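Report on one structure; see the data block that follows.
The values are calculated or read from the model by the stated rules, or taken from the named source; none is laboratory data. Values in this document were obtained by computation on a predicted structure and should not be read as measured data. Here Cβ is always computed from backbone atoms with ideal geometry, including for glycine, and neighbour counts include all displayed protein chains. Protein only, heavy atoms only, side chains kept; ligands, DNA and RNA dropped before computing areas. Shrake-Rupley method; radii C 1.70, N 1.55, O 1.52, S 1.80 Å.
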Amino acid sequence: MLKSLFRRPMLPLLALPLLLAPAPLPAQTGGAPYSVDGRGFNRLQDAVDAIGEGEGTIRIAPGYHRDCAVQTAGRIAFVAAEPGRAIFDGVTCEGKAALVLRGAGARVDGLVFQNMRVPDGNGAGIRLETSNLDIVNAMFRNSEQGILTADDPAATLTIDRSTFSRLGRCDRGLSCAHSVYTGIYGRVVVTRTRFEKGSGGHYLKTRAVTVDINDNSFDDTQGTATNYMIDLPSGSVGRIANNMFVQGRDKENYSALIAVAAEERKNPSRGLSITGNRASLPAGMDRRSVFVADWSGEALAIGANELAAGLARFEKR
């Protein structure tokens, strides 16, 4: 069983360049770190404002960027000139995130977000407040939260080929933070992405009406005080398929890997497909857990999943 769990590649495409390449130099002061159609800007906010209500791409130079921006209009692509080399480090806007997005849509490509912390404990790489967002080949690490969203039932969040590492917290008497936490979005799609080394909370918590969580790895072996791998607290429809789950030893709650409607039954869950996944518990631990715990009371479509010893297929709660 364990051999089959680890046949799948464990790192998305961004990870190898980050691991093998030397640390990038600080952003060059002799040239503008941000450019839009050949125009250089020294502040990310100035580049965002230059696009305004239009549509454009901001190319972000390699280096450590202690900067942030708020998008209030337009459609903007935030693109690393060299994927994995443009790092937003420890600076947030509005006490929220490095990128606060409430425009007409956005794309994030090849960027790294790290060391985001704010007084309310929800410091994130990205705070998404409205509209569609596509994320590809990005990394979120060593922060309170990777991505946090508000509600937009008409919009879609898509995450592909990205990494979420050393994220989440449940301390200081504050509400918990998670690697990814979305409000009531219309659709959340997560593909070919790695979640690892959580430091509290859930790895993927979403109140989306529809989810498509496919071909990801949830590696909790180095997690600390973590909770569920996937939490659908309001219920959801869609699919959870072809993912790999390895539960860690240091758990705040090890009772389930996937939780459905644990907080409320706001969304329908009938027909939620959970199939083709592989899951295991820590080797050598005399501990039992449940692969899918359900509070919705609706008929889920749980198909064939490869479960290691100690994992029950399903439990109604």
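Under conditions of 20 °C and 1.002 mPa s, region 192-267 yields 173 µm² s⁻¹ as its translational diffusion coefficient, taking Rh as the Kirkwood radius over Cα pairs in the Stokes-Einstein equation. For region 218-317, the carbon plus sulfur part of the accessible surface works out to 46%, probe radius 1.4 Å. Within the accessible area of region 120-161, the carbon and sulfur atoms contribute 40%, probe 1.4 Å, all protein chains present. Positive end of the dipole of region 103-250 (Cβ unit charges, origin at the Cα centre): among GLY238, THR226, VAL136, the Cα lying farthest that way belongs to THR226.
Accessible area ranking (1.4 Å probe, heavy atoms, ligands and nucleic acids excluded), largest first, for THR226, THR158: THR158, THR226.
Modelled this way, with points 7 Å down the Cα-to-C-beta line, the labels at ALA77 and ASP46 are 2.4 nm from one another. The simple Förster model, with R0 at 25 Å and r as the Cβ-Cβ distance, assigns ASP171 and ARG102 a FRET efficiency of 0.30. Orientation-averaged projection of the chain equals 15.5 nm² [convex hull of Cα atoms, one quarter of hull surface area].
Global dimensions of region 72-231 from alpha-carbon coordinates: Rg and Dmax equal 14.0, 41 Å. Largest mean-square fluctuation among ALA177, ALA150, ALA138, in a Gaussian network model of the chain whose springs join Cα atoms under 10 Å apart, belongs to ALA150. Classification of region 224-268 by its C-alpha gyration tensor yields an oblate form. The axis ratio a/c (a ≥ b ≥ c) is 1.5 or more, and b/c is at least a/b.
Its Cα centre serving as origin, the chain has a Cβ charge dipole (Lys and Arg +1, Asp and Glu -1) of approximately 760 debye.
The residues of the chain present an accessible area of 40 Å² per residue when probed at 1.4 Å with all protein chains retained.
Altogether, the Stokes-Einstein calculation at 37 °C and 0.692 mPa s, with the Kirkwood radius of region 137-235 over Cα pairs as Rh, returns a diffusion coefficient of 250 µm²/s.
Extension gain for the segment ARG313 to ASP37, taken as residue separation times 0.36 nm less the Cα-Cα distance, is 94.0 nm to one decimal.
Helical content alone sets the calculated 222 nm signal of the chain at -1500 deg cm²/dmol, taking -39,500 (n - 2.57) per DSSP H segment of four or more residues and averaging over every residue.
Take every Cα-Cα pair in region 194-317 and report what % of them are more than 18 Å apart.
On the way: 3470 of 7626 pairs.
Summing the P(r) of region 194-317 above 18 Å gives 46 percent of all pairs.
Convex hull volume of the C-alpha atoms in region 29-108, normalised per residue: 80 Å³.
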